Structures are given as structure tokens and as C-alpha cells.
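Taking it in order: structure first as C-alpha cells, then the write-up.
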Amino acid sequence: MKYIQWFVMEKNSRSRIYFQDGGSRIVDNETDYTGRINVDEKYTLTIDHVKLGDERTFLCQVGAGPAGSGEATTELKVYDAPGMPEITPNDATISIMEKGPSKIATCLTRNGYPAPNITWYKDRTPLQPSTKINNKMYMISQATQEPSGLHTIASTLYYAPEKKDKDSKFYCEVSYRMAPGVDKTKESNRISIPLSYPTENVEILFQPSVLKETDNMTIECRSDGSSNVDYTFYRVLDGKTEEIFNSADNIFEFKEMQRMDSGVYGCRVLDFEVPDKNFDTNKTIIINYLDPIALKPQGPYIFKAGDKNKTIHCSAEGSQQTSVIWKKHKKTISPENELQLPVVTFGDSGTYTCEVTAQNIPSLYQQKTISIIVKGPPEINCMEKKFHKNGHYVNLTCIFKGNPAPKVTCSSGKKAL
């Protein structure tokens with residue numbers, strides 16, 4: 001080989017940047033590559049501190065003396081990753097009642113090369129790109145080439161949102177290419193659209209869900225719209241409708257409800273975006289109650305030992321089915337509403353408690369305590385123990401039961417002890 005030369009191609013000409021002839025190596029002066037290039041023993045051209053302007057065609061020429069010369073070209077591609085996409089949302093509240101698309105946000109990415117692309121997403125689904133203005137969705141893009149030669153791209157999304165978009169997340173993605181021809185992407189932050197949408201449904205809630213006398217009752221009226229609405233609370237008692245509250249506040253509280261407050265409670269919603277529509281919902285509310293306990297017979301409960309089939313009936317009227325138990329000294333002795341004494345004994349004397357509970361409302365509870373007195377002649381039970389030690393002795397233990405309390409005397413023969 002006689003020589004090798006490297007050129008850069010201009011529009012209609014070429015400019016030499018390197019020459020090598022045998023042992024002589026020359027980097028041409030006053031070119032864009034002076035001081036930035038190197039050619040190794042295999043004649044490979046290396047460029048340091050690559051710039052955007054280096055994206056051009058390079059030509060290598062090889063001379064072989066009488067055999068002639070040959071040349072070939074190669075294209076150098078330059079890449080520069082753009083910055084993270086910046087998304088700027090439209091902070092204004094958008095009504096779904098508006099006709100046509102509204103501005104959602106602008107996505108901006110700076111200093112990329114070649115020019116990057118911007119794609120809009122809604123909930124990870126790419127939005128079909130459209131630059132033609134229409135009544136559904138379109139994008140307007142603006143490209144700027146900086147003095148450095150890098151590209152800044154801006155894209156503004158215009159979109160006609162629906163109510164289902166109230167929970168959607170929008171974002172943009174920048175796609176670009178890096179050496180050696182690898183496609184990459186960067187995503188912006190997610191944003192939500194501040195939406196205004198009219199009421200479609202109304203729901204009424206009560207707390208507590210099960211009510212009893214003396215409870216405070218809270219009514220909450222929920223509208224599924226986002227716009228300003230007016231709430232009217234009412235109740236229907238004995239067939240008459242009574243408005244009880246009108247406000248922008250959707251909660252109202254009743255104090256110390258009573259059984260006569262049972263009835264239909266509801267709310268009406270006026271949505272100013274759709275004033276010609278009427279939204280009304282209601283629910284029948286039962287105020288549960290449990291009356292004081294009634295005992296039959298009413299007492300006093302004084303029986304004679306030996307009496308048969310004595311029964312005390314315990315009950316309490318209420319709005320729910322009840323369960324009744326009898327207790328004596330905190331121990332349950334009967335799981336029914338009747339306390340039965342088949343044969344009265346002195347052991348039946350004592351304090352008894354009847355407890356009545358609403359089956360579905362444990363906090364609805366009544367109790368009543370009574371005393372049973374058993375009278376009769378004394379009952380005597382004696383136990384004798386004999387033993388001999390220095391004579392004859394007898395140890396006699398007797399238990400007496402009676403009401404009134406018996407008077408006890410002991411004697412041996414006719415001799416009082």
C-alpha cells in the first residue's frame with residue numbers, strides 16, 4: 001500500500017482530514033477534526049469529543065501505486081438522550097358537560113438528538129395520536145431546535161373527559177434512540193384531571209345502622225356528582241311529609257330518638273348543573289325498644305316449705321324477639337321466661353334476677369331482681385359420732401332450717417344441756 005487518506009464529505013466536495021504515506025502521518029490543520037482524530041495501525045479512524053456536527057459521511061481512500069486506488073464511505077450517527085419529560089397539568093376544573101375537548105396538560109422534553117417522540121397515555125393505554133382538531137381528542141406539538149443543535153419537543157393534549165376518567169391517571173412518554181440503534185423511553189409523572197360531573201345517583205346512609213330508643217341518629221345523603229348540590233332532608237310520619245333540614249351540608253343528626261320517631265326518612269338533591277332533574281331517596285327506619293320487665297304474679301314471693309308448682313313468669317314487650325334467662329347468685333338456673341319451683345324447699349330462698357335481651361340487639365337489655373322467702377316449721381338434720389376415751393362420750397351435730405329462725409335447745413333425758 002502506498003498511502004491512505006480520510007475525507008469528510010461536503011455537499012458537492014470532500015475535505016481531507018488525514019493522510020498517511022509509509023511512515024509519514026499527517027493530521028490536516030485548520031479542519032473541524034484537527035486535534036480530535038487518531039488512526040491506528042489498522043487504519044481505523046477514531047474521533048474524540050464527538051459533536052452533533054460530526055453526523056456526516058466519511059470517505060476512506062487507499063492508493064496502491066500502479067495497481068490504482070479504491071475508496072469507500074461510512075455514515076456516522078450521533079445520539080444524545082433528551083431530559084426527563086416535564087408534564088404541566090391544566091389546573092382548571094373541567095366539566096364533562098362542556099362540548100369538545102379541553103386542554104389537559106403539556107408535556108415537554110429538552111435537548112434530545114435526533115428529535116424524540118412524545119406519546120400520551122391514559123392508565124397505561126396509549127392514546128391514539130391525532131393532530132387534527134376534532135370533538136374527542138387531539139394533540140398539538142411544537143418542535144424547537146436549540147442553538148446547540150439539540151431538539152426540544154412540546155406536546156399539548158386536548159381531550160373530552162367522561163365521568164369514568166375521574167380516577168384515571170394521565171402521563172406522557174418520550175421515546176428516543178441511542179447507539180448502537182437501541183430504542184429507549186422515559187415517562188413523566190402521573191396526573192389526574194380535576195373533573196366536574198353532575199349527579200346521577202343518590203344514596204342515603206344511617207348511623208348507627210340499628211337504632212334503639214335514646215340513640216342519636218345521623219343521616220348522610222351521598223351524591224355521586226362532583227358539582228355543587230343542595231340537600232333537603234325530610235321524614236314521613238303518619239302519612240305526612242315534613243321537611244326538616246335544607247343545606248349544602250349532606251349530614252343531619254337527630255337527638256335521642258324514640259319509638260314514635262319510626263317512619264320514612266329521606267333526602268332530595270338539587271344539582272345546579274342539571275336543575276331540571278329530581279333526585280330523591282328514602283328508607284324506612286325502625287326505632288327499637290324494650291319495655292321494663294313485667295312479672296306474673298307481681299309478688300311479694302313468700303312461699304311455704306312443701307308448696308308445689310310455684311311459677312314466676314318474666315317478660316318484656318319490645319320491637320324485637322327477646323331471650324329470657326333466670327339467674328340466682330349470678331348463676332343461670334333457667335334459660336326460659338318461667339322460673340319453676342316444683343316443690344318449694346328452704347333452699348329455694350334467696351335473690352333471683354330475670355334478664356331480658358333483644359336477640360338482634362344485645363345492648364337492648366332489661367333486668368329485674370326479686371327475693372323469694374320460704375317459711376315453714378323447722379327441719380332438723382342431726383349427725384351422731386361416738387367415741388370412747390376414759391368413759392363414754394357422744395358428739396352430736398344438728399342442722400336446723402326454718403323461717404322464722406327456730407329457737408334451739410338441747411337436753412339429755414330431762415336435763416337441759
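The values are calculated or read from the model by the stated rules, or taken from the named source; none is laboratory data. The structure presented is a predicted model; accordingly, all values stated were derived computationally and were not measured. All Cβ positions, even for glycine, are placed from backbone atoms using ideal geometry, and neighbour counts span all protein chains on display.
Checking every residue in region 56-67 against the condition of being outside any helix (DSSP H, G or I) and either free of Cβ contacts under 8 Å to residues at least 40 places away in the same chain or assigned by TED's automatic domain parsing to the domain that holds A154 (or both) gives zero matches. Tell me yes or no: at least one residue of region 75-91 is under 15 Å from T144 (Cβ atoms), among the polar types (S, T, N, Q) and assigned by TED's automatic domain parsing to the domain that holds T144. For region 75-91, residues under 15 Å from T144 (Cβ atoms), among the polar types (S, T, N, Q) and assigned by TED's automatic domain parsing to the domain that holds T144: absent. Which members of region 239-273 meet the condition of being closer than 19 Å to I286 by Cα and basic (K, R)? Across region 239-273, the qualifying residues are K240, K255, R259.
Going through (1) at pLDDT 95 or above; (2) within 30 Å of R259 (Cβ to Cβ) one by one, T311 falls short only on (2). A count restricted to region 215-238 and to residues that are touching a Lys or Arg at 6+ places or on another chain (Cβ under 9 Å), within 18 Å of I287 (Cβ to Cβ) and of a type outside the set (A, V, I, L, M, F, W, C) stands at 2. Pairs are defined by a Cβ separation below 9 Å, a sequence spacing of at least 6 or placement on different chains, a first member in region 90-118 that is under 30 Å from E200 (Cβ atoms), and a second member that is of a type in the set (D, E); the pairs so defined are S95/E273; I96/E162; I96/D165; M97/E273. Kindly indicate whether K169 is surrounded by 13 or more Cβ atoms within 10 Å (Cβ to Cβ) and on the phi < 0 side of the Ramachandran plot. Judged against the criteria, K169 is a match. Residues in region 319-354 that are hydrophobic (A, V, I, L, M, F, W, C) and under 30 Å from S262 (Cα atoms): V324, I325, C354.
Within the bounds of region 275-285, is there any residue that is within 38 Å of the chain's Cα centre (by Cα), in a strand (DSSP E or B) and among the basic types (K, R)?
Yes.
For V264, are the conditions met, namely being in a strand (DSSP E or B), surrounded by fewer than 18 Cβ atoms within 10 Å (Cβ to Cβ) and free of Cβ contacts under 8 Å to residues at least 40 places away in the same chain? It is true that V264 is in a strand (DSSP E or B), surrounded by fewer than 18 Cβ atoms within 10 Å (Cβ to Cβ) and free of Cβ contacts under 8 Å to residues at least 40 places away in the same chain.
Being among the basic types (K, R), within 30 Å of D276 (Cβ to Cβ) and touching a Ser or Thr at 6+ places or on another chain (Cβ under 9 Å) is a property that does not hold for K122.
Scanning region 302-338 for residues that are part of a strand (DSSP E or B), in contact with a Lys or Arg (Cβ under 8 Å, 6 or more places away or on another chain) and either aliphatic (A, V, I, L, M) or within 30 Å of P378 (Cα to Cα) (or both) yields I302, F303, K304, I312, H313, I333. Checking each residue in region 163-191 for being over 21 Å from the mean Cα position of the chain (by Cα), in a loop (DSSP other than H, G, I, E, B) and small (G, A, S) picks out A179, G181, S188.
Among the residues of region 345-356, those identified as surrounded by 14 or more Cβ atoms within 10 Å (Cβ to Cβ), free of Cβ contacts under 8 Å to residues at least 60 places away in the same chain and closer than 26 Å to L290 by Cβ are Y352, T353, E355. Taking L295 as the residue in question, decide whether it is closer than 30 Å to H313 by Cα and either assigned to a strand (DSSP E or B) or modelled with pLDDT of 95 or more (or both). In short, yes. Before we move on, is D40 surrounded by 13 or more Cβ atoms within 10 Å (Cβ to Cβ) and either of a type outside the set (F, W, Y) or under 60 Å from the mean Cα position of the chain (by Cα) (or both)? Taking the combined requirement at face value, the residue does not satisfy it.
Rundown of residues vs (1) in contact with a helix residue (DSSP H, G or I) (Cβ under 7 Å, 6 or more places away or on another chain); (2) outside the structural domain of N228 (by TED's automatic domain parsing); (3) crowded, with 17+ Cβ neighbours inside 10 Å; (4) over 30 Å from V274 (Cβ atoms), yes/no style:
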residue	(1), (2), (3), (4)
N111	no, yes, no, yes
G149	yes, yes, no, yes
T152	no, yes, yes, yes
Y176	no, yes, yes, yes
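All conditions but one from (1) in contact with a strand residue (DSSP E or B) (Cβ under 9 Å, 6 or more places away or on another chain); (2) at positive phi apply to G239; the one that does not is (1).
Out of everything in region 68-99 that is part of a loop (DSSP other than H, G, I, E, B) and of a type in the set (D, E), what residue ends up being nearest to T156 (Cα to Cα)? Top of the filtered list is D91.
Among the numbered conditions (1) at pLDDT 95 or above; (2) buried (at least 18 other Cβ atoms within 10 Å of the Cβ), the only one that I96 does not meet is (1).
Exactly one residue among P342, P335 is surrounded by fewer than 12 Cβ atoms within 10 Å (Cβ to Cβ) and closer than 22 Å to P292 by Cα, and that residue is P335.
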